[in-house]
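The values are calculated or read from the model by the stated rules, or taken from the named source; none is laboratory data. Quick caveat: nothing in here was measured; it's all calculated off a predicted structure. Cβ coordinates were reconstructed from backbone atoms using ideal geometry, including for glycine residues, and neighbour counts include every protein chain displayed. Heads up: the accessible areas ignore ligands, DNA and RNA and are worked out on the full protein's heavy atoms, side chains in. Shrake-Rupley method; radii C 1.70, N 1.55, O 1.52, S 1.80 Å.
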Amino acid sequence: MNVAVVGASSSGLYTSILLKRKHPDWGVFVFDRNTRPGRKLCATGNGHCNVLNRDLSANYFNNVPFMETMVEKYPYSRLEETLHSWGILTFSMGSLVYPLTYSATAYTTFLYNYAMSLGVVFQFSENVDSYEADKQITLYTETGKRKFDKVIFATGGKSQKSLGSDGSMFDVFEQHGYHTTSLFPGLCPIKVSERVKPLSGLRHKAKVSAYANGNLIYEETGEVLFKADGLSGIAIFNAQRVISRLSGAPKVTIFLDLFPDYSVADLNKLFEIARKANPGMFLDAIMEKPWKQYLFGSFEIVDESELSSLAKRLKNLSFHYAGSYGFEFSQVTLGGVPLSDLDEHFAGKKEKNVIFVGETLDIDGKCGGYNLSWCLMSALQVVEGL
Ligand SMILES: Cc1cc2nc3c(=O)[nH]c(=O)nc-3n(C[C@H](O)[C@H](O)[C@H](O)COP(=O)(O)OP(=O)(O)OC[C@H]3O[C@@H](n4cnc5c(N)ncnc54)[C@H](O)[C@@H]3O)c2cc1C
């Protein structure tokens, strides 16, 4: 049996290792258009690779009913055990799990070298343009055509195309009758209508609350990064992922509570103490200088009425959503090949020897190791069926 895996990043590496461990006598050939494996994997977790999350719940993914069955079958312990059985050591920071090397590059290199040691054959700089499905599957690349018994597409979505996946394969899948769902950028910074340029570069802990037409749709506390025309940070990414899926273009407002651990009354008391102690400098003890310009339009003079409402304002800053930063800045693509076109092991209902894994499928998770968890879960599910 000869199997081709198209895509040598997270899910392609996981799948090829699992496959070769299960069937050492099968030929497993991995193709990638990039010149080296796992370019996106190397960029994960700010270069540290947040590989899993101990708090694995279906609620952190789209398609919750389907993910409930997957999480029951592949709970965190099973995913961790799988990596451990390959010799990969991990550690956790809170619920976030990283490789012990704390290096996405070292993790990628480990997977690649381990796959090669098992006998997986890699071919880089090989772009798969199309395929034909008959008794065998013919892959067409720029250098010619190759026949395989099965093909597994681990070609990702269309986020950050400089790292390899540009979404072009979805056109090919559509030509074969797959009903690719609409694609949206997920987990990315957002643009806001307000003029936040003075805050550009600042970071602040905040409770982020996103409302659509007045209804709360997402809430999370985390560090918010201010950009020249928008907001970023994990809580914002997660809110954006929810906003992206809203239909009917509702009016979306993001509220930031910059002091979620204090009530307005507590903050007022604290401000009063600081003001009495040092009237000329108390604002500098509360916030970085650019905030003064943003809130009061000036660095210096602040009148009494503005000061009395300061605590309330800092706990309820509102920003109007004006779009996302797009696929080029998104960590994951929302949408993909729908599960309804596939059997339980993600093989085409009409093309039994064409299989899909990872981000190519219409499953995505929030920030925190959930998308790489999905890559591993889906690879386990694919290989179970082979
Ligand atoms: C900056 C960044 C940080 C992230 N951090 C995390 C994190 O810490 N934790 C987490 O869980 N998730 C994280 N993610 C998300 C995670 O990286 C992805 O969900 C995951 O890599 C998807 O894996 P994949 O193998 O399915 O697809 P991809 O990683 O996109 O890989 C697809 C591969 O297929 C190749 N390919 C595509 N089309 C073709 C073709 N026609 N011919 C040949 N080759 C082709 C591409 O070159 C690519 O190598 C992050 C994403 C980004 C962008």
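Of the residues making up region 15-56, those that are more than 17 Å from F124 (Cβ to Cβ), in a helix (DSSP H, G or I), in contact (Cβ under 8 Å) with a residue 24 or more places away in the chain and near the ligand (Cβ under 8 Å from one of its atoms) are A43, T44, G45. Could you please let me know if T141 is under 17 Å from T15 (Cα atoms), of a type outside the set (A, V, I, L, M) and within 12 Å of the ligand (Cβ to nearest atom)? Answer is no for this residue. Look at (1) closer than 30 Å to K145 by Cα; (2) under 20 Å from the mean Cα position of the chain (by Cα); (3) not aliphatic (A, V, I, L, M) and you find that Q123 fails only one, number (2). When region 213-251 is filtered for residues that are part of a strand (DSSP E or B), over 20 Å from F61 (Cα atoms) and among the small types (G, A, S), the ones remaining, listed by number, are G230, S232.
Residues in region 89-113 that are more than 15 Å from the ligand (Cβ to nearest atom) and assigned to a loop (DSSP other than H, G, I, E, B): L89, L100.
Keeping to region 154-180, report how many residues are of a type outside the set (S, T, Y) and near the ligand (Cβ under 8 Å from one of its atoms).
Residues in region 154-180 being of a type outside the set (S, T, Y) and near the ligand (Cβ under 8 Å from one of its atoms): 9 in total.
Here's the yes/no breakdown for (1) within 16 Å of the ligand (Cβ to nearest atom); (2) assigned by TED's automatic domain parsing to the domain that holds D149:
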{"position": "L310", "(1), (2)": "no, no"}
{"position": "N353", "(1), (2)": "no, yes"}
{"position": "I363", "(1), (2)": "yes, yes"}
{"position": "W374", "(1), (2)": "yes, yes"}
{"position": "S378", "(1), (2)": "yes, yes"}
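Looking at the structure I just gave you, is E219 farther than 24 Å from L334 by Cβ and out of contact with any helix residue (DSSP H, G or I) (no Cβ under 6 Å at 6 or more places or on another chain)? Spelling it out, it is not the case that E219 is farther than 24 Å from L334 by Cβ and out of contact with any helix residue (DSSP H, G or I) (no Cβ under 6 Å at 6 or more places or on another chain). Filtering region 130-176 down to residues that are aliphatic (A, V, I, L, M) and in a strand (DSSP E or B), which residue is surrounded by the most Cβ atoms within 10 Å (Cβ to Cβ)? Taking the candidates together, the pick is I152. Within region 57-71, if we keep just the residues that are assigned to a loop (DSSP other than H, G, I, E, B) and in contact (Cβ under 8 Å) with a residue 24 or more places away in the chain, the residue that is farthest from the ligand (Cβ to nearest atom) turns out to be N63.
Whether any residue in region 366-385 is over 13 Å from the mean Cα position of the chain (by Cα), farther than 30 Å from L256 by Cβ and open to solvent by 30 Å² or more (accessible area, probe 1.4 Å) is what I want to check.
yes
Only one of the listed residues (V97, V71) is crowded, with 18+ Cβ neighbours inside 10 Å, more than 24 Å from R39 (Cα to Cα) and of a type outside the set (K, R). That residue is V71. The set of residues in region 11-35 being of a type outside the set (S, T, Y) and under 13 Å from L380 (Cβ atoms) consists of I17, L18, L19, R21, K22.
For region 1-13, taking the residues that are more than 8 Å from the ligand (Cβ to nearest atom) and open to solvent by less than 40 Å² (accessible area, probe 1.4 Å), the one that is nearest to T90 (Cα to Cα) is identified as V5.
Within region 190-199, being assigned to a strand (DSSP E or B) and open to solvent by less than 50 Å² (accessible area, probe 1.4 Å) holds for I190, V192. May I ask you to say which residue of L202, L183, L187, L216 is aliphatic (A, V, I, L, M), away from the ligand (no atom under 16 Å from the Cβ) and open to solvent by less than 50 Å² (accessible area, probe 1.4 Å)? Sole residue among the options that is aliphatic (A, V, I, L, M), away from the ligand (no atom under 16 Å from the Cβ) and open to solvent by less than 50 Å² (accessible area, probe 1.4 Å): L202. Scanning region 59-68 for residues that are over 16 Å from Q381 (Cα atoms) and open to solvent by less than 30 Å² (accessible area, probe 1.4 Å) turns up F61, N62. Of N113, N46, all but one fail to be surrounded by fewer than 14 Cβ atoms within 10 Å (Cβ to Cβ) and on the phi > 0 side of the Ramachandran plot; the exception is N46.
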